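Written out below as structure tokens is the structure these notes cover.
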Amino acid sequence: MKIFDVAIVGGGPGGSACAAFCAAAGLRTLLLEREKFPREKVCGDCLNPSCWPILRRLGIAERVTQLPHGVLDAVEFVAIGGQKVIVDLPSGRKREIAIKRSLFDHLLMTRARELGTFVHQESTVTALAGPTMPYVNHVYDRRSNEYWKLKTEKGESFSAHLLVAADGRNSTVARLCNLLPRPERERIALQADILLPKNFGNRVVLQFLHHGYSGQAPVDSNQLNLCLVSKPSQMPALRRWAEEQFGLSQNQPWRTITPLTRAAIPPAHENLLLIGDAARVVEPFTGEGIYYALRSGELAANAIVKISRGEDRRSVEREYRSGHAQMYRGRLWINRLARAAVLSPKIASAFLRLAQIQPSIFRLLTNKIIHAL
Ligand SMILES: Cc1cc2nc3c(=O)[nH]c(=O)nc-3n(C[C@H](O)[C@H](O)[C@H](O)COP(=O)(O)OP(=O)(O)OC[C@H]3O[C@@H](n4cnc5c(N)ncnc54)[C@H](O)[C@@H]3O)c2cc1C
């Protein structure tokens with residue numbers, strides 16, 4: 001039986017980046033993904049500029065820019081009454097772009113495969129048993145003492161010394177390990193790709209509305225990514241606003257996702273690391289989730305390489321935990337602020353109207369999100 005050095009569950013940005021770095025270091029790396037790529041995903045599609053250095057280290061920054069994308073020169077905050085605050089975004093090598101997740105995630109997974117990862121798509125992990133996890137699940141009724149065993153819906157079996165949960169906010173791995181907190185269902189998101197309105201411009205729009213908020217970003221020369229976020233009871237009204245505003249039919253297909261918030265999970269356990277949304281879900285409004293997924297994937301890969309080379313596992317896991325915390329340090333207050341703003345669009349709009357007189361506060365907050373990473 002072939003035993004992989006590491007099995008990574010989930011081939012989003014976190015999982016594919018982690019797989020690519022592990023495979024590049026010569027590890028026998030397995031990536032299991034539920035979907036068949038390319039696939040779309042509910043996301044605002046905005047790539048925070050802090051992603052570029054990681055994409056360069058992965059050797060794909062240039063290839064990302066060759067894919068269809070929208071360039072974002074400014075972020076436009078719009079209050080309920082229509083008042084606006086516009087903040088310029090960086091240009092050149094630090095520019096922000098919007099790119100469809102079908103293209104971006106597929107390229108990352110392709111890169112992981114090029115570097116030697118064994119990629120299995122349409123492989124949904126449904127059961128696992130671990131070296132030390134004190135639980136029993138419905139498929140395996142005994143604990144393996146040496147390595148992780150994973151089973152997929154199709155009945156495939158895999159074994160690996162280390163396991164990475166990169167399977168997003170509703171992580172199956174976390175659930176099977178009894179680590180998944182109760183989700184908060186206070187809001188839901190809808191997302192659609194619609195026809196790009198004429199003269200939309202190179203901007204991302206973050207618009208507060210009576211029933212929630214909407215994010216809009218051009219992802220290429222023809223399409224606009226449209227996101228709606230609100231409490232479930234207010235979503236029908238917000239959707240009607242979008243249909244009217246953008247001339248959409250009632251049959252417009254929307255993708256949906258929940259939860260938008262849940263408690264974080266400690267990212268390191270014995271022979272198990274969690275990355276990206278599986279470890280911590282951040283506010284979509286700030287457009288940072290892809291960065292955190294890529295960077296935690298890289299940090300986890302560094303840890304896995306060290307453990308595989310025989311370094312003391314406990315101290316490496318401690319180091320990963322601390323690097324993971326460092327990534328968010330001094331930033332979670334922005335998330336809390338963003339969450340408060342989107343939960344109270346009226347207060348956020350009043351704040352925005354004030355900021356029209358003194359826009360430096362919005363510049364500061366935007367720069368914090370864009371540069372400080
Ligand atoms: C409305 C909204 C807008 C957003 N906008 C932005 C934005 O503009 N910019 C930004 O940076 N971030 C944004 N985010 C956040 C961003 O989408 C996530 O943070 C990011 O996708 C996390 O990447 P990940 O690799 O951790 O997980 P994911 O991208 O969720 O990937 C997880 C993968 O795991 C697979 N999987 C799940 N379960 C299993 C299983 N059992 N077996 C095998 N595979 C499995 C899934 O199919 C999926 O491909 C937004 C989020 C929302 C909800």
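Tabulated data
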{"quantity": "Footprinting exposure proxy for MET109, MET235 (fewest neighbouring C-beta atoms within 10 Å first)", "calculated": "MET235, MET109"}
{"quantity": "Phi to ³J(HN,Hα) by Karplus 6.51 cos²θ - 1.76 cosθ + 1.60 over region 331-346, Hz, x for Gly, Pro", "calculated": "10, 6, 5, 5, 4, 5, 4, 4, 5, 4, 5, 6, 7, 10, x, 5"}
{"quantity": "Relative contact order of the chain, defined on C-alpha pairs under 8 angstrom at six or more residues apart (%)", "calculated": "23"}
{"quantity": "For region 3-8, 3J(HN,Hα) per residue [Karplus equation, 6.51 cos²θ - 1.76 cosθ + 1.60, θ = phi - 60°, Hz, x = Gly/Pro]", "calculated": "10, 7, 5, 9, 10, 10"}
{"quantity": "Net dipole in debye of the chain [+1 Lys, Arg Cβ; -1 Asp, Glu Cβ; about Cα centre; nearest 20]", "calculated": "560"}
{"quantity": "Rounded, prolate or oblate (a/c below 1.5 giving rounded, otherwise prolate when a/b exceeds b/c) for region 257-344 by Cα gyration tensor", "calculated": "prolate"}
{"quantity": "Simple Cβ-charge dipole of region 14-116, Lys/Arg +1 and Asp/Glu -1, about Cα centre, in debye nearest 20", "calculated": "360"}
{"quantity": "Within a Gaussian network of the chain (alpha carbon springs, distance under 10 Å), most fluctuating of GLY44, GLY70, GLY330", "calculated": "GLY330"}
{"quantity": "DSSP-loop GluC sites (Glu not before Pro) across region 240-274, with at most 16 other Cβ within 10 angstrom", "calculated": "GLU270"}
{"quantity": "Distance histogram for region 275-314 (every C-alpha pair counted, 10 angstrom bins, percent rounded to whole numbers)", "calculated": "30, 39, 23, 9, 0"}
{"quantity": "Local electrostatic count at VAL75 - Lys and Arg +1, Asp and Glu -1, tallied over other residues with Cβ under 12 Å", "calculated": "-1"}
{"quantity": "Listed pairs LYS2/LYS154; LYS100/LYS198; LYS36/LYS94 exceeding 23 Å between Cα atoms", "calculated": "LYS36/LYS94"}
{"quantity": "Ranking of CYS43, CYS22 by count of other Cβ atoms within 10 Å, fewest first", "calculated": "CYS43, CYS22"}
{"quantity": "Tensor-based shape of region 168-244 (alpha-carbon gyration tensor, a/c under 1.5 rounded, otherwise prolate or oblate)", "calculated": "oblate"}
{"quantity": "Under 18 Å from the Cα of LYS84 - lysines, other chains or at least 8 residues apart", "calculated": "LYS346"}
{"quantity": "Low-density loop positions, trypsin sites (Lys or Arg not before Pro), region 1-65 - DSSP coil, at most 16 other Cβ in 10 Å", "calculated": "LYS2, LYS36, ARG39"}
{"quantity": "Taking region 209-353 and dividing mean pair separation by its residue count, relative contact order in percent (alpha carbons under 8 Å, at least six apart)", "calculated": "22"}
{"quantity": "Mean shadow area of the chain over all directions, Cα convex hull, nm²", "calculated": "18.2"}
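Every number in this text was worked out from the coordinates using simple rules, so none of it is lab data. Source: prediction; values computed, not measured. When we count neighbours, we look across all protein chains shown, and the Cβ atoms used for this are built from the backbone with ideal geometry, even at glycine.
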